[in-house]
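Visitor: Structure below; questions to follow.
Here, each number is a calculation from the coordinates, and none is a lab measurement. This structure is a prediction, so every number in the text was calculated from the model and none was measured. As a convention, Cβ positions derive from the backbone with ideal geometry for all residues, glycine included, and neighbour counts pool all protein chains shown.
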Amino acid sequence: MIKEINENDIAECVDVIRRSFYTVAEEFGFTIDNAPHFTAFATTQDRLLYQLKNEHRQMYAYYEDNGKIIGYYSLELQDNNQCELNNLCVLPFYRHKHIGKNLLEDACIKAKKAGCKKMNIGIVEENGVLKKWYVENGFIHTGTKKFDFFPFTCGYMEMDL
């Protein structure tokens, strides 16, 4: 079941985000030393709480029947009827069970209800498997940018809603 989170869920969501993104860090050799701003290392309770309370991001989690959170995403509403999908993730043990696709479909529904016409995402450009997954789910690749503080290239994608 997917539902909106509240402050009481923040700690569990941080854990899900960090554990989920850590597999990418391991695969590509990112560490807290060479990529301290990467999601696996930079996501904190304070940061998520700030995004929830001050940035008014919409945050949703995928809950197992027992109430355990196993997936997460947030939407940041932007100008020009656009939004950015952030931190879509599923715990490694639960991957390949269509949970990510369910989260993405839910994000599209919520974004449309909020008046968004386009959804943007940023990914690790070198992660070909993830890029292919987003393309298969309706996104198009729009460009890349290299930042000094990341040991990877940021890829940008978008989808018309």
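Visitor: Please work out which one of (1) over 14 Å from the mean Cα position of the chain (by Cα); (2) on the phi > 0 side of the Ramachandran plot is the condition ASN87 fails and give its number.
Guide: All conditions pass for ASN87, except number (1).
Visitor: Can you find, within region 7-59, the residue that is farthest from ILE70 (Cα to Cα) among those that are basic (Lys, Arg) and over 13 Å from the mean Cα position of the chain (by Cα)? Before the answer, list the steps.
Guide: Taking region 7-59 first, the residues basic (Lys, Arg) are 18-19, 47, 53, 57.
When the remaining residues are screened for being over 13 Å from the mean Cα position of the chain (by Cα), the result is 47, 53.
On the way: ARG47: 20, LYS53: 22 Å.
Step by step, filter region 7-59, then rank; the result is LYS53.
Visitor: Moving to a separate point now. Just for strands (runs of 3 or more DSSP E) wholly inside region 1-107: which have at least 2 residues that are without any contact (Cβ under 8 Å) to a residue 40 or more places away in the chain?
Guide: Result: 69-77, 82-90.
Visitor: Sort through LYS131, LYS145 and tell me the only one that's surrounded by 13 or more Cβ atoms within 10 Å (Cβ to Cβ) and either part of a helix (DSSP H, G or I) or of a type in the set (Lys, Arg) (or both).
Guide: Within the list LYS131, LYS145, the selection yields LYS131.
Visitor: Turning to a different aspect of this structure: Which of the residues that make up region 1-48 are over 16 Å from ASN87 (Cα atoms) and in contact with a strand residue (DSSP E or B) (Cβ under 6 Å, 6 or more places away or on another chain)?
Guide: Of everything in region 1-48, just one residue is over 16 Å from ASN87 (Cα atoms) and in contact with a strand residue (DSSP E or B) (Cβ under 6 Å, 6 or more places away or on another chain), namely MET1.
Visitor: Among all residue pairs at least 6 apart or on different chains, which show Cβ distances below 6 Å where the first residue, located in region 121-144, is more than 19 Å from TYR22 (Cα to Cα) and the second is part of a loop (DSSP other than H, G, I, E, B)?
Guide: THR144/GLU125
Visitor: Also, I was wondering about something else. Take region 116-128 and flag every residue that is in a loop (DSSP other than H, G, I, E, B) and of a type in the set (S, T, N, Q). So that I can check it myself, show each step before the final result.
Guide: Keep residues of region 116-128 that are in a loop (DSSP other than H, G, I, E, B), which gives 116-117, 125-127.
ASN127, the sole residue that qualifies.
Visitor: Consider region 148-160. How many of its residues are exposed (fewer than 11 other Cβ atoms within 10 Å of the Cβ) and either more than 21 Å from THR23 (Cα to Cα) or among the charged types (D, E, K, R) (or both)?
Guide: The number of residues fulfilling the criteria is 2.
Visitor: Also, I was wondering about something else. Do the conditions hold for SER20, that is, is it surrounded by 19 or more Cβ atoms within 10 Å (Cβ to Cβ), in contact with a Cys (Cβ under 7 Å, 6 or more places away or on another chain) and not acidic (Asp, Glu)?
Guide: It is true that SER20 is surrounded by 19 or more Cβ atoms within 10 Å (Cβ to Cβ), in contact with a Cys (Cβ under 7 Å, 6 or more places away or on another chain) and not acidic (Asp, Glu).
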